[in-house]
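Step one of this worksheet: look at the structure below.
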Amino acid sequence: MIIRPSSLNVVAEYLVLATLVAIFIWRGFIPAWNTPSGDFEDYYLAARLYSQGVSLEHIYDWTWTQRQKDHAGIETSLVAFGVLTPFSLLPVLPFSSLPPLLAKRGWLLLNLVLLGVAAYLLRRMSRLGTRRVAILVFLAITPLRSNFVQGQEYVLLLFLFTTAAWLYFEKRPLASGLTLAVAGVLKIYPALFLIFFVRKKQWRAAAGLVVGSIAFWLLSAYLFGYETVRTYLVDVLPWPLRAEGQDPYNIQWNTFSAVLHRLFVAEPELNPHPVAHLPALYAVLQPICQGLIFVPFLWSMGSSRADAGREKLLWGIFVAMLLLLSTNPASFDFTALILTAALAVGALMGAGRAREAATVVTLYALVCFPFSRWVAESPSGFRTLLAVPRLWAMTGLWICLLLLSLPSTSVPLRVRLRSREAVVFASIWLALVVPAAALNLLRQKGEYDNYAARLFVAPDSFLDTDPALAGERVFFTMMTNRGYFTGVFDGTTLTRLGFGTDSFHPAASPGSSAASVELASTSSQVVQFRADANAQMHDQLTIQAQDAEKPAVSRDGQWLAFIRESKGRGTLWVKELQPGAKGAGSLSDERPLSGSELDVLEAGFAPGDEIIFSGKPRGRPPGLFRTKPGSTYVTEERAPAPRRYPAVSPDGRWLAFSQREGGNWQLWVQDRQTRAERRLTENDCNSTAPAWYPDSKRLVYATDCARGHGLTALCRITAVP
């Protein structure tokens, strides 16, 4: 029997498809089905808290979210909401009442349905047939695998992108814009399709996207509260927009921003060995690269709607451009590239351009290939350039697609480059790049000055915060990939104290041989331990308070203040510590100092047992308050801006605190006698959680300058001359 060539092609395609499906099931779906761990639990925890009526105002606080993870009994080492939008918890909300593993399995089954619907719509738009569309879908080996294993939302995003494209090509532009508005409120960058619609003069689609985006963000404010949305849009979102959302030096992002950070910006822990510390060069090159990606395609796509094949090609290329412009895309982000491949290949095959289609498929497969196991995780110097194969594959695909997007014309390219239109788009490029570079340079002013003031270098710690001092010994909270520990730094040696569970917010009093810390499991408790211990023994712990968070100890060791939380809002409590009972009194010694009208955030003692704490009255920004252990009266400190993290110097003269200015917290110090105030930091980053040294002149504080939002390191500063 003679098999015709076409039959051989069909058999080969079925074999390829079967192999790809087997790889997906073996390496992706089965591992995802059998383990609840992954990014899914970030969404799951937020959805669960929301369904329980817990306020989400602190969801972007790394330690708060980890504490809620512990209280929920989730066993994953780390959970954080990072730079996710508040709206992104809603798709997981229907599964939040289930245990984590069952919830993830339900989410995976829904993802299979969404993937199938997206593939069906792609088959209708591309006219490639079911078999070839399925091959393109499962060629996304790494994106699909990581999306399912991590339980991410990028199959949902692919579904929304595809649905929006189908509606657009079915002459339903308003519905297309509304669909992209849903995608934009989940992951932000789909909202940039507004540029596509404006360039193509598709005003109904643009109106749908704009009106839908406004409506969905207003809905977010209604569902999650104004402060939650304000925190995301003002405090969090600017960081990923400027390529500093989460560890900007991580080359696993495979972006030009990450590579440039790695090459030209030093950071003691995250990037100690760049080629050279030339942040000004990074500030200029980063917007140049972004502009060279964006503006040429904006020019080539044209302003009028072309034939259906070219329009589908342009839609797919625009999605690829958004991925290339994204500042920190993980491998699962590239699930959306399935749409690009299907529309581009379908358009090329329909035009009889099989060779170009084969080139697109090859480059697309390279982008989705699992390169990570063969590249270094933390290269130094120019070896960084060898550690980003997905970036170079994506760049090759982008150049190929950009050339394919050029309109068919008899006018030579050199003539077009000399045209008035070329001048216009060159001006657009300059108008984008020059201000962006200037803003980068302005924002960098002083950002790296704290390197010399860092207390220590701990490469395995992602976050160090909440310092407390016992003499010259600094206790603090540190986050590693195994969870949260209590760190101790004595000026030369760094010690990690493990308590068998996450520990937060250590507290100490001058001259005491004991310190306190919060241990979090299904509830939080405050325990006392030996302050001079180099390794923690569990039988040396003394429980001081149950259902208690963020301890603070008075300077004479007689009082313990702590926070007790309900539905995400904290109340301040105090307890008298009885010396005759190993430092712990009975539960009857506890009493509340604030009511439910205040959401108490942090507290500390001043000399004379005065308590100064930060709280957030409902509907108002946070501020500072004063009270005493035996008092029922709380006094508010009037201030021109929101304030948190109060710390009074040992001599009682000075008050250090953080004040919110714009989207950042800056460190201030106040003379409590004259009320004169002075700002200590002014960079475009956060400086929080100050603690005084015994000399009442120096402070240790946490800062996320040059590190990523909220991922702080500890620095020392002279606050008082």
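For ASP671, the accessible area of its heavy atoms, probed at 1.4 Å with every protein chain present, is near 10 square angstrom. Protein heavy-atom accessible surface, 1.4 Å probe, per residue over the chain: 40 Å². Lys/Arg Cβ at +1, Asp/Glu Cβ at -1, dipole of the chain taken about the Cα centre: which of ALA641, ILE214, GLY487 is farthest positive-ward? So the residue we want is ILE214.
In this structure, ALA351 and THR480 have a Cβ-Cβ separation that, at R0 = 56 Å, corresponds to a calculated FRET efficiency of about 0.55.
For the chain, the share of accessible area belonging to carbon and sulfur comes to 60 percent (1.4 Å probe, ligands and nucleic acids excluded).
If R0 is 45 Å, the Cβ-Cβ spacing of VAL21 and GLU677 corresponds to a FRET efficiency of close to 0.10. Between the residues HIS505, TYR154, ALA243, the greatest Cα displacement towards the positive end of the dipole of the chain, with unit charges on the Cβ of Lys, Arg, Asp and Glu, is found for TYR154. Here the gap between ASP556 and LEU441, fully extended at 0.36 nm per residue and compared with their Cα-Cα distance, gives a gain of 36.6 nm. Compared with the direct C-alpha span, the chain from GLU472 to ILE428 gains 10.3 nm at full extension, assuming 0.36 nm per residue. Which residues in the range 349-392 have a backbone N closer than 11 Å to a point placed 7 Å from the Cα of LEU8 along the Cα-to-Cβ line? What the label zone holds, given the 11 Å backbone N cut-off, is no residue at all. Amide H contacts under 5 Å for SER524: ASP547, ALA548, restricted to partners 5 or more places along the chain or on a different chain, H placed in the peptide plane at 1.01 Å from N. As a calculated quantity, the FRET efficiency between ARG305 and VAL375 at R0 = 41 Å, using C-beta atoms, amounts to about 0.45. Dipole of the chain computed with +1 at Lys/Arg Cβ and -1 at Asp/Glu Cβ about the Cα centre; of ALA689, TRP398, HIS71, farthest Cα towards the positive end is TRP398. Amide H contacts of TRP559: SER554, LEU577, each under 5 Å away and 5 or more positions distant or on a separate chain (H built 1.01 Å from N in the peptide plane; Pro and chain starts excluded). For the chain, how big is the tail of P(r) above 53 Å, as a whole percent of Cα pairs? Taking all Cα-Cα pairs of the chain, the fraction more than 53 Å apart is 16 percent. Evaluating 6.51 cos²θ - 1.76 cosθ + 1.60 at θ = phi - 60° for every residue in the range 151-164, the Karplus couplings come out as x, 7, 10, 7, 5, 4, 5, 4, 4, 5, 4, 5, 4, 4 Hz, glycine and proline recorded as x. Using bins of 5 Å that start at zero, the share of Cα-Cα pairs per bin across the range 122-206 amounts to 3, 14, 20, 21, 18, 15, 7, 1, 0, in whole %. Heads up, I need the accessible area for LEU109: 1.4 angstrom probe, whole protein in place, Å², nearest 10. Spelled out: LEU109, probe radius 1.4 Å, area about 90 Å².
Converting phi to 3J(HN,Hα) with the Karplus coefficients 6.51, -1.76 and 1.60 and the offset θ = phi - 60°, the range 567-575 yields 6, x, 10, x, 10, 8, 10, 9, 9 Hz in sequence order, with x at every glycine or proline. For the set VAL275, VAL236, the ranking by accessible area, highest first and with no ligand, DNA or RNA atoms included, is VAL275, VAL236 under a 1.4 Å probe.
Taking HIS261, HIS505 and ordering them by how much accessible surface each has at a 1.4 Å probe, largest first, produces HIS505, HIS261. In terms of distances greater than 22 angstrom between alpha carbons, the cross-link table entries LYS567/LYS628; LYS550/LYS575; LYS550/LYS616; LYS69/LYS567; LYS69/LYS575; LYS187/LYS616 yield LYS567/LYS628; LYS69/LYS575; LYS187/LYS616. Shape index of the range 425-525: Rg/Rh, with Rg the Cα radius of gyration and Rh the Kirkwood radius from the inverse mean 1/r over Cα pairs, equals 1.23.
Taking Cα centre as origin and charging only the Cβ of basic (Lys, Arg, +1) and acidic (Asp, Glu, -1) residues, the dipole magnitude of the chain rounds to 3140 debye.
The values are calculated or read from the model by the stated rules, or taken from the named source; none is laboratory data. Everything quoted here is computed from the prediction, not taken from an experiment. Using ideal geometry, Cβ is built from the backbone for each residue, glycine included, and neighbour counts are taken over all protein chains shown. When the accessible area is computed, the model is the full protein with side chains, heavy atoms only, and any ligands, DNA or RNA have been set aside. Shrake-Rupley method; radii C 1.70, N 1.55, O 1.52, S 1.80 Å.
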